[in-house]
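The values are calculated or read from the model by the stated rules, or taken from the named source; none is laboratory data. As the structure is a prediction and not an experimental result, all values here were calculated from the model. Glycine also receives a Cβ, built like all others from the backbone with ideal geometry; neighbour counts cover every protein chain displayed. To get the accessible areas, we keep the full protein, side chains included, count just its heavy atoms, and leave off ligands, DNA and RNA. Shrake-Rupley method; radii C 1.70, N 1.55, O 1.52, S 1.80 Å.
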Amino acid sequence: MLILECPYCGVKACETELSPGYEAHLKRFGPGSTDAEFEDYMFARKNPKGVHFERWRHTYGCGKWFLAARDTNTLEVFGTYPAQSSAPPEDLQAKIKAKRPDWKGYK
Amino acid sequence: MKRYSVFAIAKEALNYHMGWEKAWASPEPKKQYDAIIVGAGGHGLATAYYLGKNHGITNVAIIEKGWLGGGNTGRNTTIIRSNYLQDPSAAIYEKARSLYETMSQDLNYNVMFSPRGVMMLAQTHHEVRGYMRTAHANALQGVTTEFISPARVKELCPILNIDGPRYPVLGALWQARGGTGRHDAVAWGYARACSAMGMDIIQQCEVTGVRSEGGVVKGVETTKGFIGCTKLGVVVAGHSGQLAEMAGFRLPIEAVALQALVSEPVKPCMDVVVMANTVHGYMSQSDKGEMVIGGGTDGFNNYTQRGSFHHIEETLRALVETFPMISRLKMLRQWGGIVDMTGDRSPIISKTPLGNCFFNCGWGTGGFKAIPGSGWAMAELMAKGEPGALAEAFNMWRFKEGQFIDESVAAGVAH
(Lines give C-alpha, C1' and ligand atoms only; values in the text may rest on other atoms or scores of the structure.)
Protein backbone atom coordinates (compact mmCIF):
# COMPACT_ATOMS: atom_id res chain seq x y z
CA MET A 1 0.00 0.00 0.00
CA LEU A 2 1.44 3.32 -1.10
CA ILE A 3 1.41 6.01 1.62
CA LEU A 4 2.10 9.64 0.75
CA GLU A 5 2.13 12.58 3.14
CA CYS A 6 0.08 15.48 1.85
CA PRO A 7 2.33 18.58 2.06
CA TYR A 8 -0.66 20.86 2.71
CA CYS A 9 -2.67 19.14 5.44
CA GLY A 10 0.11 16.88 6.74
CA VAL A 11 -2.05 13.77 6.58
CA LYS A 12 -0.27 10.52 5.83
CA ALA A 13 -2.72 9.34 3.20
CA CYS A 14 -2.92 5.83 1.80
CA GLU A 15 -3.46 5.47 -1.92
CA THR A 16 -7.22 4.87 -1.68
CA GLU A 17 -7.43 8.48 -0.48
CA LEU A 18 -5.38 9.78 -3.42
CA SER A 19 -5.65 10.08 -7.18
CA PRO A 20 -2.54 9.66 -9.33
CA GLY A 21 -1.80 12.31 -11.97
CA TYR A 22 1.34 10.99 -13.73
CA GLU A 23 4.48 12.98 -14.59
CA ALA A 24 5.16 16.26 -12.80
CA HIS A 25 6.88 19.43 -14.06
CA LEU A 26 5.57 19.12 -17.62
CA LYS A 27 6.31 22.39 -19.33
CA ARG A 28 3.61 23.83 -21.53
CA PHE A 29 5.02 25.94 -24.33
CA GLY A 30 3.29 29.06 -25.58
CA PRO A 31 1.25 29.67 -28.74
CA GLY A 32 4.43 30.23 -30.76
CA SER A 33 5.85 26.80 -29.97
CA THR A 34 6.74 24.21 -32.59
CA ASP A 35 4.67 21.09 -33.25
CA ALA A 36 7.45 18.97 -31.73
CA GLU A 37 7.39 20.95 -28.48
CA PHE A 38 3.64 20.61 -28.22
CA GLU A 39 3.80 16.88 -28.98
CA ASP A 40 6.40 16.50 -26.23
CA TYR A 41 4.18 18.36 -23.79
CA MET A 42 1.11 16.32 -24.72
CA PHE A 43 2.49 12.81 -25.14
CA ALA A 44 6.24 12.19 -24.72
CA ARG A 45 6.94 10.93 -21.21
CA LYS A 46 10.07 10.09 -19.24
CA ASN A 47 8.53 6.91 -17.82
CA PRO A 48 11.73 6.09 -15.90
CA LYS A 49 12.52 2.82 -14.18
CA GLY A 50 13.74 4.34 -10.94
CA VAL A 51 13.43 7.87 -9.53
CA HIS A 52 10.31 9.61 -10.78
CA PHE A 53 8.53 12.86 -9.96
CA GLU A 54 4.78 12.80 -10.29
CA ARG A 55 1.53 14.56 -9.51
CA TRP A 56 -0.94 13.28 -6.95
CA ARG A 57 -4.17 14.71 -5.65
CA HIS A 58 -5.40 14.34 -2.11
CA THR A 59 -8.88 13.67 -3.51
CA TYR A 60 -10.61 12.39 -0.36
CA GLY A 61 -8.81 14.82 1.91
CA CYS A 62 -8.02 18.48 1.30
CA GLY A 63 -8.59 18.02 -2.45
CA LYS A 64 -5.35 19.71 -3.46
CA TRP A 65 -2.76 18.63 -6.01
CA PHE A 66 0.78 18.00 -4.78
CA LEU A 67 3.97 16.46 -6.12
CA ALA A 68 5.85 13.34 -5.00
CA ALA A 69 9.24 11.74 -5.61
CA ARG A 70 9.04 7.97 -5.85
CA ASP A 71 11.03 5.01 -7.15
CA THR A 72 8.97 3.20 -9.78
CA ASN A 73 11.15 0.11 -9.43
CA THR A 74 10.83 -0.39 -5.66
CA LEU A 75 7.76 1.77 -4.83
CA GLU A 76 9.90 3.61 -2.23
CA VAL A 77 8.66 7.14 -1.53
CA PHE A 78 11.35 9.80 -1.09
CA GLY A 79 9.12 12.72 -0.21
CA THR A 80 6.33 15.06 -1.24
CA TYR A 81 6.25 18.79 -1.93
CA PRO A 82 3.78 21.49 -3.02
CA ALA A 83 2.49 21.64 -6.58
CA GLN A 84 3.65 25.25 -6.92
CA SER A 85 7.28 24.07 -7.35
CA SER A 86 8.78 24.35 -10.83
CA ALA A 87 11.49 21.79 -9.96
CA PRO A 88 12.03 19.31 -7.09
CA PRO A 89 13.38 21.04 -3.93
CA GLU A 90 17.18 20.92 -3.48
CA ASP A 91 17.04 19.09 -0.14
CA LEU A 92 14.80 16.39 -1.61
CA GLN A 93 17.17 15.95 -4.56
CA ALA A 94 20.09 15.63 -2.13
CA LYS A 95 18.18 13.03 -0.13
CA ILE A 96 17.48 11.01 -3.28
CA LYS A 97 21.11 11.31 -4.42
CA ALA A 98 22.25 9.96 -1.03
CA LYS A 99 19.98 6.93 -1.39
CA ARG A 100 20.52 6.40 -5.12
CA PRO A 101 24.15 7.33 -5.97
CA ASP A 102 23.60 6.17 -9.58
CA TRP A 103 20.74 8.60 -10.10
CA LYS A 104 21.63 11.05 -12.86
CA GLY A 105 19.75 13.90 -11.22
CA TYR A 106 16.68 15.87 -12.18
CA LYS A 107 16.62 17.01 -15.80
CA MET B 1 12.18 -30.85 -35.38
CA LYS B 2 10.20 -34.01 -34.73
CA ARG B 3 6.51 -33.49 -35.43
CA TYR B 4 4.06 -33.97 -32.59
CA SER B 5 1.27 -36.38 -33.54
CA VAL B 6 -0.75 -39.29 -32.20
CA PHE B 7 1.80 -41.61 -33.83
CA ALA B 8 4.67 -39.82 -32.08
CA ILE B 9 2.90 -40.32 -28.74
CA ALA B 10 2.34 -44.01 -29.48
CA LYS B 11 5.97 -44.45 -30.50
CA GLU B 12 7.25 -42.64 -27.42
CA ALA B 13 4.90 -44.62 -25.18
CA LEU B 14 6.74 -47.79 -26.26
CA ASN B 15 10.01 -46.01 -25.46
CA TYR B 16 9.01 -44.90 -21.91
CA HIS B 17 8.82 -41.31 -23.26
CA MET B 18 12.60 -41.02 -23.19
CA GLY B 19 12.97 -39.95 -26.82
CA TRP B 20 11.32 -36.52 -26.77
CA GLU B 21 13.71 -33.82 -27.89
CA LYS B 22 13.91 -30.35 -26.36
CA ALA B 23 11.34 -28.01 -27.87
CA TRP B 24 13.94 -25.33 -28.61
CA ALA B 25 17.71 -24.97 -28.49
CA SER B 26 19.57 -22.59 -26.15
CA PRO B 27 22.62 -21.52 -28.16
CA GLU B 28 25.30 -18.96 -27.33
CA PRO B 29 24.92 -15.76 -29.36
CA LYS B 30 26.74 -15.39 -32.69
CA LYS B 31 28.62 -12.16 -33.48
CA GLN B 32 26.26 -10.92 -36.17
CA TYR B 33 22.65 -11.49 -37.25
CA ASP B 34 20.48 -10.22 -40.09
CA ALA B 35 17.87 -9.29 -37.50
CA ILE B 36 17.75 -9.11 -33.72
CA ILE B 37 14.45 -9.11 -31.89
CA VAL B 38 14.65 -7.84 -28.31
CA GLY B 39 12.05 -9.58 -26.17
CA ALA B 40 11.03 -13.23 -26.38
CA GLY B 41 7.44 -12.80 -25.37
CA GLY B 42 4.53 -13.72 -27.60
CA HIS B 43 4.86 -10.62 -29.79
CA GLY B 44 8.65 -10.94 -30.20
CA LEU B 45 8.55 -14.65 -30.99
CA ALA B 46 5.63 -14.15 -33.41
CA THR B 47 7.61 -11.39 -35.15
CA ALA B 48 10.59 -13.73 -35.55
CA TYR B 49 8.36 -16.59 -36.72
CA TYR B 50 6.68 -14.55 -39.48
CA LEU B 51 10.05 -13.03 -40.48
CA GLY B 52 11.12 -16.57 -41.28
CA LYS B 53 7.86 -17.95 -42.58
CA ASN B 54 6.58 -15.00 -44.65
CA HIS B 55 9.82 -13.27 -45.61
CA GLY B 56 12.51 -15.97 -45.57
CA ILE B 57 14.73 -14.19 -43.02
CA THR B 58 16.02 -16.86 -40.64
CA ASN B 59 19.41 -15.53 -39.48
CA VAL B 60 17.62 -14.08 -36.48
CA ALA B 61 18.33 -13.85 -32.74
CA ILE B 62 15.62 -13.33 -30.17
CA ILE B 63 17.15 -11.89 -27.01
CA GLU B 64 15.33 -12.19 -23.70
CA LYS B 65 16.22 -10.70 -20.31
CA GLY B 66 14.45 -13.41 -18.32
CA TRP B 67 12.89 -16.57 -19.70
CA LEU B 68 10.74 -16.74 -22.81
CA GLY B 69 7.08 -15.98 -22.28
CA GLY B 70 7.81 -14.90 -18.70
CA GLY B 71 6.53 -11.35 -19.01
CA ASN B 72 3.02 -10.29 -19.92
CA THR B 73 2.56 -13.37 -22.13
CA GLY B 74 2.48 -15.37 -18.90
CA ARG B 75 0.53 -12.75 -16.96
CA ASN B 76 -2.72 -12.11 -18.80
CA THR B 77 -6.27 -13.46 -18.82
CA THR B 78 -5.91 -15.15 -22.27
CA ILE B 79 -8.93 -13.50 -23.85
CA ILE B 80 -9.03 -13.37 -27.66
CA ARG B 81 -11.50 -11.06 -29.43
CA SER B 82 -11.56 -8.50 -32.24
CA ASN B 83 -14.73 -6.45 -31.64
CA TYR B 84 -13.03 -3.06 -31.84
CA LEU B 85 -14.61 0.16 -33.06
CA GLN B 86 -11.84 1.76 -35.15
CA ASP B 87 -10.95 0.26 -38.53
CA PRO B 88 -7.18 -0.13 -38.00
CA SER B 89 -7.74 -1.90 -34.65
CA ALA B 90 -10.45 -4.19 -36.00
CA ALA B 91 -8.20 -5.11 -38.93
CA ILE B 92 -5.16 -6.13 -36.88
CA TYR B 93 -7.08 -7.82 -34.05
CA GLU B 94 -9.25 -9.73 -36.55
CA LYS B 95 -6.11 -10.83 -38.39
CA ALA B 96 -4.78 -12.07 -35.05
CA ARG B 97 -8.01 -13.86 -34.14
CA SER B 98 -8.17 -15.60 -37.50
CA LEU B 99 -4.52 -16.70 -37.16
CA TYR B 100 -5.33 -18.13 -33.70
CA GLU B 101 -7.94 -20.38 -35.35
CA THR B 102 -5.28 -22.27 -37.30
CA MET B 103 -2.29 -21.70 -35.03
CA SER B 104 -2.19 -25.20 -33.52
CA GLN B 105 -1.98 -26.77 -37.00
CA ASP B 106 0.39 -24.09 -38.29
CA LEU B 107 2.87 -24.49 -35.40
CA ASN B 108 2.24 -28.21 -34.80
CA TYR B 109 1.74 -27.21 -31.17
CA ASN B 110 -1.56 -27.27 -29.30
CA VAL B 111 -2.31 -23.70 -28.21
CA MET B 112 -5.76 -24.78 -26.99
CA PHE B 113 -7.59 -22.01 -28.80
CA SER B 114 -11.14 -22.23 -27.50
CA PRO B 115 -13.60 -20.08 -29.50
CA ARG B 116 -16.17 -20.19 -26.74
CA GLY B 117 -17.57 -16.72 -27.38
CA VAL B 118 -16.90 -13.34 -25.76
CA MET B 119 -19.71 -11.27 -24.32
CA MET B 120 -19.30 -7.61 -23.42
CA LEU B 121 -22.15 -6.61 -21.13
CA ALA B 122 -23.99 -3.34 -21.61
CA GLN B 123 -24.98 -2.21 -18.12
CA THR B 124 -25.82 1.42 -18.81
CA HIS B 125 -27.80 3.05 -21.62
CA HIS B 126 -24.60 4.71 -22.75
CA GLU B 127 -23.03 1.29 -23.20
CA VAL B 128 -26.07 -0.02 -25.08
CA ARG B 129 -25.69 2.77 -27.64
CA GLY B 130 -21.90 2.33 -27.74
CA TYR B 131 -22.04 -1.42 -28.37
CA MET B 132 -24.81 -1.10 -30.97
CA ARG B 133 -22.52 1.31 -32.76
CA THR B 134 -19.60 -1.12 -32.45
CA ALA B 135 -21.77 -3.96 -33.83
CA HIS B 136 -22.59 -1.81 -36.88
CA ALA B 137 -18.93 -0.84 -37.31
CA ASN B 138 -17.91 -4.50 -37.04
CA ALA B 139 -20.43 -5.44 -39.73
CA LEU B 140 -18.76 -2.96 -42.09
CA GLN B 141 -15.30 -4.24 -41.11
CA GLY B 142 -16.22 -7.87 -41.75
CA VAL B 143 -15.95 -8.83 -38.07
CA THR B 144 -18.87 -11.01 -37.01
CA THR B 145 -20.50 -9.60 -33.87
CA GLU B 146 -24.06 -8.96 -32.81
CA PHE B 147 -25.93 -7.06 -30.14
CA ILE B 148 -27.96 -9.52 -28.08
CA SER B 149 -30.86 -9.16 -25.63
CA PRO B 150 -30.70 -9.69 -21.85
CA ALA B 151 -32.69 -12.95 -22.26
CA ARG B 152 -30.07 -14.27 -24.68
CA VAL B 153 -27.32 -13.16 -22.25
CA LYS B 154 -28.96 -15.20 -19.49
CA GLU B 155 -29.29 -18.19 -21.83
CA LEU B 156 -25.60 -18.07 -22.78
CA CYS B 157 -24.38 -17.51 -19.22
CA PRO B 158 -26.93 -18.67 -16.60
CA ILE B 159 -24.79 -17.69 -13.59
CA LEU B 160 -25.19 -14.01 -14.51
CA ASN B 161 -27.58 -11.89 -12.50
CA ILE B 162 -29.21 -9.70 -15.14
CA ASP B 163 -31.59 -7.87 -12.76
CA GLY B 164 -29.09 -6.22 -10.45
CA PRO B 165 -30.42 -3.01 -8.87
CA ARG B 166 -27.29 -1.03 -9.61
CA TYR B 167 -25.88 -2.68 -12.75
CA PRO B 168 -28.75 -4.38 -14.63
CA VAL B 169 -27.77 -6.17 -17.83
CA LEU B 170 -29.41 -4.32 -20.73
CA GLY B 171 -27.85 -6.37 -23.51
CA ALA B 172 -24.42 -7.38 -24.73
CA LEU B 173 -22.04 -7.26 -27.65
CA TRP B 174 -21.50 -10.91 -28.55
CA GLN B 175 -18.59 -12.23 -30.60
CA ALA B 176 -19.21 -15.95 -30.97
CA ARG B 177 -15.82 -16.59 -32.56
CA GLY B 178 -13.81 -14.96 -29.78
CA GLY B 179 -12.59 -17.00 -26.84
CA THR B 180 -9.46 -17.96 -24.96
CA GLY B 181 -6.12 -19.68 -25.63
CA ARG B 182 -3.33 -21.28 -23.65
CA HIS B 183 -1.00 -18.31 -23.15
CA ASP B 184 2.24 -20.23 -22.38
CA ALA B 185 1.65 -22.60 -25.29
CA VAL B 186 1.50 -19.67 -27.69
CA ALA B 187 5.00 -18.57 -26.63
CA TRP B 188 6.32 -22.15 -26.53
CA GLY B 189 4.81 -23.04 -29.91
CA TYR B 190 6.34 -20.02 -31.60
CA ALA B 191 9.69 -20.61 -29.87
CA ARG B 192 9.78 -24.22 -31.04
CA ALA B 193 8.94 -23.20 -34.62
CA CYS B 194 11.55 -20.39 -34.59
CA SER B 195 14.21 -22.72 -33.24
CA ALA B 196 13.34 -25.26 -35.95
CA MET B 197 13.94 -22.58 -38.59
CA GLY B 198 17.46 -22.10 -37.18
CA MET B 199 16.82 -18.94 -35.19
CA ASP B 200 18.68 -18.41 -31.90
CA ILE B 201 16.60 -17.84 -28.79
CA ILE B 202 18.98 -16.36 -26.23
CA GLN B 203 17.49 -16.26 -22.74
CA GLN B 204 18.94 -14.74 -19.56
CA CYS B 205 20.60 -12.06 -21.67
CA GLU B 206 19.71 -8.45 -20.91
CA VAL B 207 20.14 -5.68 -23.45
CA THR B 208 22.06 -2.85 -21.75
CA GLY B 209 22.57 -0.51 -24.67
CA VAL B 210 21.88 0.16 -28.33
CA ARG B 211 24.99 0.95 -30.42
CA SER B 212 24.33 3.24 -33.36
CA GLU B 213 26.48 5.29 -35.75
CA GLY B 214 25.12 8.11 -37.88
CA GLY B 215 21.49 7.21 -37.26
CA VAL B 216 22.00 3.52 -38.07
CA VAL B 217 21.91 0.76 -35.46
CA LYS B 218 25.01 -1.48 -35.48
CA GLY B 219 23.89 -3.85 -32.76
CA VAL B 220 23.07 -4.17 -29.07
CA GLU B 221 25.21 -4.31 -25.94
CA THR B 222 24.10 -7.16 -23.74
CA THR B 223 25.15 -8.98 -20.59
CA LYS B 224 26.63 -11.58 -22.95
CA GLY B 225 28.62 -8.99 -24.89
CA PHE B 226 28.04 -7.00 -28.06
CA ILE B 227 25.82 -8.62 -30.72
CA GLY B 228 25.73 -7.02 -34.17
CA CYS B 229 22.68 -6.83 -36.44
CA THR B 230 21.50 -5.39 -39.74
CA LYS B 231 17.99 -4.73 -38.42
CA LEU B 232 16.75 -4.32 -34.87
CA GLY B 233 13.21 -4.99 -33.68
CA VAL B 234 12.27 -3.99 -30.15
CA VAL B 235 9.24 -5.80 -28.75
CA VAL B 236 9.51 -5.41 -24.98
CA ALA B 237 6.10 -4.16 -23.76
CA GLY B 238 6.55 -2.57 -20.32
CA HIS B 239 10.23 -1.77 -20.80
CA SER B 240 9.81 -0.04 -24.19
CA GLY B 241 10.59 3.31 -22.56
CA GLN B 242 13.96 2.01 -21.33
CA LEU B 243 14.91 0.64 -24.76
CA ALA B 244 13.82 3.88 -26.44
CA GLU B 245 16.03 5.81 -24.02
CA MET B 246 18.98 3.56 -24.95
CA ALA B 247 18.21 4.23 -28.62
CA GLY B 248 18.05 7.96 -27.91
CA PHE B 249 14.40 8.98 -28.21
CA ARG B 250 11.23 9.13 -26.14
CA LEU B 251 7.93 7.34 -26.60
CA PRO B 252 4.41 8.43 -25.71
CA ILE B 253 4.20 5.58 -23.22
CA GLU B 254 3.67 5.15 -19.49
CA ALA B 255 4.33 1.80 -17.78
CA VAL B 256 1.68 0.81 -15.24
CA ALA B 257 0.67 -2.38 -13.46
CA LEU B 258 -2.36 -4.42 -14.54
CA GLN B 259 -3.53 -7.19 -12.24
CA ALA B 260 -5.45 -10.41 -12.60
CA LEU B 261 -6.38 -13.20 -10.25
CA VAL B 262 -7.84 -16.70 -10.16
CA SER B 263 -10.20 -18.37 -7.71
CA GLU B 264 -10.09 -21.86 -6.31
CA PRO B 265 -11.17 -24.40 -8.95
CA VAL B 266 -14.89 -25.14 -9.14
CA LYS B 267 -17.03 -27.35 -11.38
CA PRO B 268 -17.80 -26.04 -14.87
CA CYS B 269 -20.24 -23.14 -14.51
CA MET B 270 -19.59 -20.75 -17.39
CA ASP B 271 -18.49 -21.60 -20.92
CA VAL B 272 -18.17 -18.07 -22.30
CA VAL B 273 -15.97 -15.07 -21.54
CA VAL B 274 -17.86 -12.21 -19.91
CA MET B 275 -16.56 -8.65 -19.76
CA ALA B 276 -18.35 -6.09 -17.63
CA ASN B 277 -16.72 -2.81 -18.55
CA THR B 278 -18.92 -0.52 -16.48
CA VAL B 279 -17.72 -2.18 -13.30
CA HIS B 280 -14.27 -2.78 -14.77
CA GLY B 281 -14.04 -6.53 -14.51
CA TYR B 282 -14.02 -9.60 -16.69
CA MET B 283 -14.23 -13.28 -16.02
CA SER B 284 -13.91 -16.67 -17.66
CA GLN B 285 -13.38 -20.22 -16.43
CA SER B 286 -10.14 -22.01 -17.12
CA ASP B 287 -9.93 -25.67 -18.12
CA LYS B 288 -8.79 -26.40 -14.55
CA GLY B 289 -11.99 -24.85 -13.23
CA GLU B 290 -10.51 -21.67 -11.80
CA MET B 291 -12.44 -18.47 -12.40
CA VAL B 292 -9.97 -16.14 -14.14
CA ILE B 293 -10.69 -12.52 -13.26
CA GLY B 294 -9.14 -9.33 -14.56
CA GLY B 295 -9.69 -5.72 -13.63
CA GLY B 296 -8.40 -2.25 -14.41
CA THR B 297 -4.91 -0.83 -14.31
CA ASP B 298 -3.35 1.01 -11.42
CA GLY B 299 -2.98 4.70 -12.14
CA PHE B 300 0.72 5.30 -11.53
CA ASN B 301 4.05 4.37 -13.12
CA ASN B 302 5.22 1.05 -11.77
CA TYR B 303 7.80 -1.55 -12.80
CA THR B 304 7.40 -3.98 -9.91
CA GLN B 305 4.90 -6.49 -11.37
CA ARG B 306 2.86 -5.97 -8.19
CA GLY B 307 -0.30 -3.94 -8.16
CA SER B 308 -2.33 -2.21 -5.49
CA PHE B 309 -4.52 -4.44 -3.36
CA HIS B 310 -7.46 -2.07 -3.39
CA HIS B 311 -7.85 -2.46 -7.17
CA ILE B 312 -8.50 -6.18 -6.71
CA GLU B 313 -10.99 -5.40 -4.00
CA GLU B 314 -12.76 -2.89 -6.25
CA THR B 315 -12.95 -5.35 -9.14
CA LEU B 316 -14.37 -8.17 -7.03
CA ARG B 317 -16.77 -5.93 -5.14
CA ALA B 318 -18.20 -4.65 -8.40
CA LEU B 319 -18.42 -8.11 -9.98
CA VAL B 320 -20.31 -9.64 -7.04
CA GLU B 321 -23.61 -8.08 -8.08
CA THR B 322 -23.30 -9.41 -11.64
CA PHE B 323 -21.89 -12.79 -10.57
CA PRO B 324 -23.44 -13.50 -7.14
CA MET B 325 -21.67 -16.89 -6.94
CA ILE B 326 -18.21 -15.33 -6.59
CA SER B 327 -19.09 -13.87 -3.19
CA ARG B 328 -18.26 -17.25 -1.61
CA LEU B 329 -15.28 -18.12 -3.79
CA LYS B 330 -11.80 -18.04 -2.32
CA MET B 331 -9.23 -16.33 -4.48
CA LEU B 332 -6.09 -18.40 -4.92
CA ARG B 333 -3.50 -16.36 -6.75
CA GLN B 334 -3.02 -12.79 -7.90
CA TRP B 335 -0.39 -11.36 -10.19
CA GLY B 336 0.53 -8.14 -11.99
CA GLY B 337 2.09 -7.35 -15.32
CA ILE B 338 3.73 -4.14 -16.49
CA VAL B 339 1.74 -2.79 -19.41
CA ASP B 340 2.79 -0.01 -21.77
CA MET B 341 -0.03 2.49 -22.16
CA THR B 342 -0.03 4.99 -25.03
CA GLY B 343 -1.96 8.24 -25.15
CA ASP B 344 -4.73 6.82 -27.35
CA ARG B 345 -4.62 3.28 -25.90
CA SER B 346 -3.62 1.85 -29.29
CA PRO B 347 -0.31 0.13 -30.08
CA ILE B 348 2.75 1.42 -31.89
CA ILE B 349 4.22 -0.66 -34.75
CA SER B 350 6.58 1.80 -36.26
CA LYS B 351 9.77 2.94 -37.84
CA THR B 352 11.81 5.12 -35.49
CA PRO B 353 14.27 8.02 -35.80
CA LEU B 354 16.95 5.33 -36.32
CA GLY B 355 16.74 3.98 -39.87
CA ASN B 356 17.02 0.24 -39.23
CA CYS B 357 15.40 0.11 -35.80
CA PHE B 358 11.71 -0.76 -35.39
CA PHE B 359 9.46 -0.68 -32.34
CA ASN B 360 6.40 -2.79 -31.58
CA CYS B 361 4.91 -1.68 -28.27
CA GLY B 362 2.06 0.11 -26.57
CA TRP B 363 -0.27 -2.89 -26.56
CA GLY B 364 -1.26 -1.85 -23.06
CA THR B 365 -3.88 -4.11 -21.57
CA GLY B 366 -4.83 -5.84 -24.85
CA GLY B 367 -1.69 -7.59 -25.98
CA PHE B 368 -2.29 -11.33 -25.75
CA LYS B 369 -5.18 -11.40 -28.23
CA ALA B 370 -3.06 -9.52 -30.78
CA ILE B 371 0.07 -11.70 -30.72
CA PRO B 372 -0.12 -13.34 -34.18
CA GLY B 373 -1.44 -10.22 -35.94
CA SER B 374 1.16 -8.05 -34.25
CA GLY B 375 3.98 -10.42 -35.22
CA TRP B 376 2.66 -10.61 -38.78
CA ALA B 377 2.59 -6.80 -39.16
CA MET B 378 5.93 -6.25 -37.40
CA ALA B 379 7.67 -8.90 -39.52
CA GLU B 380 6.42 -7.18 -42.67
CA LEU B 381 7.65 -3.82 -41.38
CA MET B 382 11.09 -5.21 -40.52
CA ALA B 383 11.51 -7.21 -43.72
CA LYS B 384 10.45 -4.44 -46.11
CA GLY B 385 11.50 -1.42 -44.06
CA GLU B 386 8.05 0.05 -44.69
CA PRO B 387 4.78 -0.73 -42.90
CA GLY B 388 2.14 -2.81 -44.65
CA ALA B 389 -1.60 -2.17 -44.55
CA LEU B 390 -1.97 -3.62 -41.04
CA ALA B 391 0.75 -1.53 -39.38
CA GLU B 392 0.52 1.74 -41.30
CA ALA B 393 -1.92 3.54 -39.01
CA PHE B 394 0.00 2.51 -35.89
CA ASN B 395 3.11 4.65 -36.55
CA MET B 396 4.57 6.60 -33.63
CA TRP B 397 4.17 9.95 -35.41
CA ARG B 398 0.38 9.81 -35.27
CA PHE B 399 0.51 11.68 -31.98
CA LYS B 400 2.20 14.64 -33.61
CA GLU B 401 -0.33 14.65 -36.45
CA GLY B 402 -3.31 14.14 -34.15
CA GLN B 403 -4.33 11.00 -36.04
CA PHE B 404 -5.25 9.01 -32.98
CA ILE B 405 -6.76 5.55 -33.07
CA ASP B 406 -8.90 6.36 -30.11
CA GLU B 407 -9.82 3.06 -28.53
CA SER B 408 -9.94 4.41 -24.97
CA VAL B 409 -13.15 6.15 -25.95
CA ALA B 410 -14.36 3.23 -28.06
CA ALA B 411 -14.06 0.70 -25.27
CA GLY B 412 -14.73 3.10 -22.42
CA VAL B 413 -12.33 1.01 -20.39
CA ALA B 414 -8.86 -0.44 -20.40
CA HIS B 415 -9.10 -3.27 -22.88
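Structure data summary
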| quantity | calculated |
| --- | --- |
| Positions within region A:1-24 being part of a helix (DSSP H, G or I) and touching a residue at least 24 places away in the same chain (Cβ under 8 Å), in sequence order | A:T16, A:E17 |
| Any pair with Cβ under 9 angstrom, 6 or more apart, that starts in region B:377-399 at a residue that is within 16 Å of B:Y50 (Cβ to Cβ) and without any contact (Cβ under 8 Å) to a residue 40 or more places away in the chain and ends at one that is in a helix (DSSP H, G or I) and of a type in the set (A, V, I, L, M) | B:P387/B:A377; B:P387/B:L381; B:P387/B:A393; B:G388/B:A377; B:G388/B:L381 |
| Boolean, B:M325 is in contact with a Ser or Thr (Cβ under 7 Å, 6 or more places away or on another chain) and either surrounded by fewer than 19 Cβ atoms within 10 Å (Cβ to Cβ) or of a type in the set (V, I, T) (or both) | no |
| Segments classed as strands (runs of 3 or more DSSP E), wholly inside region B:285-393, with at least 3 members that are modelled with pLDDT under 90 and within 13 Å of chain A (Cβ to nearest Cβ) | B:290-301 |
| Hits in region B:217-259 - residues which are without any contact (Cβ under 8 Å) to a residue 60 or more places away in the chain and aliphatic (A, V, I, L, M) | B:M246 |
| Region B:223-268, residues that are in contact with a Cys (Cβ under 7 Å, 6 or more places away or on another chain) and either surrounded by fewer than 20 Cβ atoms within 10 Å (Cβ to Cβ) or at positive phi (or both) | B:T223, B:K224, B:A237 |
| Only listed residue being modelled with pLDDT of 95 or more, touching a helix residue (DSSP H, G or I) at 6+ places or on another chain (Cβ under 7 Å) and crowded, with 17+ Cβ neighbours inside 10 Å, chosen from B:L85, B:L107 | B:L107 |
| When residues of region B:86-114 are limited to those that are of a type in the set (A, V, I, L, M) and touching a Lys or Arg at 6+ places or on another chain (Cβ under 9 Å), the one nearest to B:K53 (Cα to Cα) | B:L107 |
| Any strands (runs of 3 or more DSSP E) falling wholly within region B:136-205 and containing at least 1 residues that are in contact with a Pro (Cβ under 9 Å, 6 or more places away or on another chain), surrounded by 22 or more Cβ atoms within 10 Å (Cβ to Cβ) and modelled with pLDDT of 95 or more | B:171-175, B:200-202 |
| Residue ID - farthest from B:S240 (Cα to Cα), chosen from residues in region A:47-66 that are within 13 Å of another protein chain (Cβ to nearest Cβ), assigned to a strand (DSSP E or B) and open to solvent by 10 Å² or more (accessible area, probe 1.4 Å) | A:R57 |
| Members of region A:67-105 that are in contact with a helix residue (DSSP H, G or I) (Cβ under 9 Å, 6 or more places away or on another chain), away from chain B (no Cβ under 14 Å) and part of a loop (DSSP other than H, G, I, E, B) | A:A87, A:P88, A:W103, A:G105 |
| Top-ranked residue in region B:278-293 [being crowded, with 22+ Cβ neighbours inside 10 Å and touching a residue at least 60 places away in the same chain (Cβ under 8 Å); ranked as farthest from B:V118 (Cα to Cα)] | B:V279 |
| Any pair with Cβ under 6 angstrom, 6 or more apart, that starts in region A:27-44 at a residue that is more than 7 Å from chain B (Cβ to nearest Cβ) and under 20 Å from A:S85 (Cα atoms) and ends at one that is open to solvent by 80 Å² or more (accessible area, probe 1.4 Å) and modelled with pLDDT of 85 or more | A:Y41/A:R28 |
| B:S350 vs. criteria in contact (Cβ under 8 Å) with a residue 12 or more places away in the chain, over 30 Å from B:I405 (Cα atoms) and surrounded by fewer than 23 Cβ atoms within 10 Å (Cβ to Cβ) | no |
| Of all residues making up region B:232-248, the number that are out of contact with any Leu (no Cβ under 8 Å at 6 or more places or on another chain) and within 13 Å of chain A (Cβ to nearest Cβ) | 7 |
| Residue match in region B:260-277 (condition: in a loop (DSSP other than H, G, I, E, B), among the β-branched types (V, I, T), in contact (Cβ under 8 Å) with a residue 24 or more places away in the chain and away from chain A (no Cβ under 11 Å)) | yes |
| Odd one out for B:M331, checked against (1) within 26 Å of B:Y167 (Cβ to Cβ); (2) open to solvent by less than 40 Å² (accessible area, probe 1.4 Å); (3) of a type in the set (A, V, I, L, M) | (2) |
